[in-house]
1. Go through region 137-174 and give me each residue that's of a type in the set (D, E, K, R), touching a helix residue (DSSP H, G or I) at 6+ places or on another chain (Cβ under 7 Å) and touching a residue at least 60 places away in the same chain (Cβ under 8 Å).
2. Please enumerate the residues belonging to region 74-96 that are open to solvent by less than 60 Å² (accessible area, probe 1.4 Å) and polar (S, T, N, Q).
3. Go through (1) at pLDDT 95 or above; (2) touching a Phe, Trp or Tyr at 6+ places or on another chain (Cβ under 7 Å) and name the single condition T309 misses.
4. Within region 258-275, is there a residue that is touching a Pro at 6+ places or on another chain (Cβ under 6 Å), of a type in the set (F, W, Y) and open to solvent by less than 10 Å² (accessible area, probe 1.4 Å)?
5. Could you pull out every one of the strands (runs of 3 or more DSSP E) wholly within region 33-104 that has 1 or more residues that are over 16 Å from V277 (Cα atoms)?
6. Check region 100-111 and report whether any residue there is within 15 Å of S179 (Cβ to Cβ) and either among the aromatic types (F, W, Y) or out of contact with any helix residue (DSSP H, G or I) (no Cβ under 8 Å at 6 or more places or on another chain) (or both).
7. So which residues in region 173-205 are in contact with a Pro (Cβ under 9 Å, 6 or more places away or on another chain) and part of a loop (DSSP other than H, G, I, E, B), if there are any at all?
Amino acid sequence: MAIDIGRRQFISAVCGATVAWPLAARAQQPMPVVGFVNGGSVDGSAHYAAAFRKGLNETGYVEGQNVTIEYHWLEGQYDRLPTLMADLVRRQVAVIATPGSIPAALAAKAATATIPIVFGVGEDPVQLGLVANLARPGGNATGINFFVQEVAAKRLRLLHDLVPKAVRVAVLVNPANESTESALRAVQEAAPIIGLQIQILNAGTIGEIDAVFATLARERPDALFIAGDGFLNSRRVQFATLTAVNKIPATYDTREDVAVGGLMSYGTDTADMFHQVGVYTGSILKGAKPADLPVLQSTKFEFAINLQTARALGIEVPSGLLAITDEVIE
C-alpha cells in the first residue's frame with residue numbers, strides 16, 4: 001500500500017511539474033513592445049495617449065499587463081527620428097505607432113520593411129509612399145488618413161466667417177514638419193478666393209513662438225492661423241496666453257486649443273484618430289497583417305468656438321455660424 005501511495009505521489013508530482021512548466025514559461029515570456037512616436041510633448045498630448053490606450057484595451061491589450069508601450073515625445077525635434085527609428089528597429093519592437101505625425105511615419109517606413117507600422121497622417125498615404133493602395137496597403141504599414149489640405153482650406157473660410165473684417169492673416173507653421181508644405185499650399189490656394197492676404201511665419205521651438213508673437217505685436221495682422229503640428233499643438237496654453245495678451249483672433253485645428261482659451265478650431269477629431277490607431281495596433285498584436293488592414297478615412301470633424309474669448313476680443317459670433325458649431329465653449 002505504501003508503494004502505491006508513493007507511486008501516486010510521484011506521478012502527481014511529475015504531472016504537476018509538467019503542467020506548471022509551460023505556465024511558468026509563458027509567464028516569463030517578455031511582453032510585446034509598442035514604440036509610440038509623436039511630434040508633441042507628454043504634457044500637451046496626454047489625453048491623446050489615453051485615447052490610444054483605450055483603442056488597445058478594446059482589442060484585449062492593457063499597458064503593463066500584456067503589452068509595453070514606449071512613449072517617444074519629439075517636442076518638435078524631428079531631427080531625432082532617424083536615430084530613434086534605428087533603435088526601435090534594432091530592438092525589434094512589435095509595432096511602431098505614429099499617430100498624427102507624417103515625419104515619424106516616413107522615418108519608420110524608411111527604417112524597416114518588416115516591423116508593422118500604424119500611422120495617422122493628414123495627406124494621401126499612397127502619394128506619401130506609405131502604402132500601395134488604400135483598400136489593401138500591401139506592405140508593413142496601415143493606419144488613418146485625416147485630410148489636412150481639405151481641412152486647412154475650410155478652417156480659413158470659417159475664420160473669415162467669424163472675423164469678416166480680417167484681411168491680413170498670419171500663418172504660423174513648423175518648418176521641420178514635412179506636412180507643412182501641403183497645409184501651406186491649401187491655405188495659399190484658398191486665401192485669394194476668400195479675399196485674404198497671408199504672411200508665413202515659422203516656429204519650431206518655444207523661443208521661436210515667443211519671437212513670432214513679438215513680430216505679430218509690431219505688425220498687427222488681423223488674425224492668426226496656426227497650422228496643425230504635433231509640437232505646435234502641444235503649446236496650446238502658450239498660444240492661448242499670447243493671443244489673449246496681443247488680442248489677436250486665432251484659429252487652431254483641435255478643440256482642445258479652444259477649451260484652454262483659443263478662439264476657434266476646425267479639424268479632425270484627433271482623439272478619435274489616436275483611438276483608431278490604438279485599435280489597429282492591437283489588431284496587429286493579435287496577428288492581423290498591415291497589408292490586409294485597409295487605410296481608414298477620418299469621418300469625425302469638429303468645429304468649436306470659445307464665446308468667452310470671442311467676447312474678450314470684441315467679436316460677435318454670427319448666429320449662422322453658431323448653428324453649425326459642434327461645440328460652443330462658454
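The values are calculated or read from the model by the stated rules, or taken from the named source; none is laboratory data. Everything quoted here is computed from the prediction, not taken from an experiment. With ideal geometry, Cβ positions are generated from the backbone for all residues, glycine too; neighbour counts draw on all protein chains shown. For accessibility, only protein heavy atoms count, side chains too; no ligands or nucleic acids. Shrake-Rupley method; radii C 1.70, N 1.55, O 1.52, S 1.80 Å.
1. D161
2. none
3. That leaves (2) as the condition not met.
4. The answer is yes; a qualifying residue exists.
5. Filter on region 33-104 gives 68-73.
6. yes
7. Once the filter is applied, which keeps residues that are in contact with a Pro (Cβ under 9 Å, 6 or more places away or on another chain) and part of a loop (DSSP other than H, G, I, E, B), region 173-205 yields A176, N177, E178, S179, A203, G204.
For (1) modelled with pLDDT under 95; (2) under 27 Å from N202 (Cβ atoms), each residue gets a yes or a no:
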residue	(1), (2)
Q9	yes, no
V14	yes, no
W21	yes, no
G35	no, no
S45	yes, yes
V62	no, no
Q65	no, no
D87	no, no
T98	no, yes
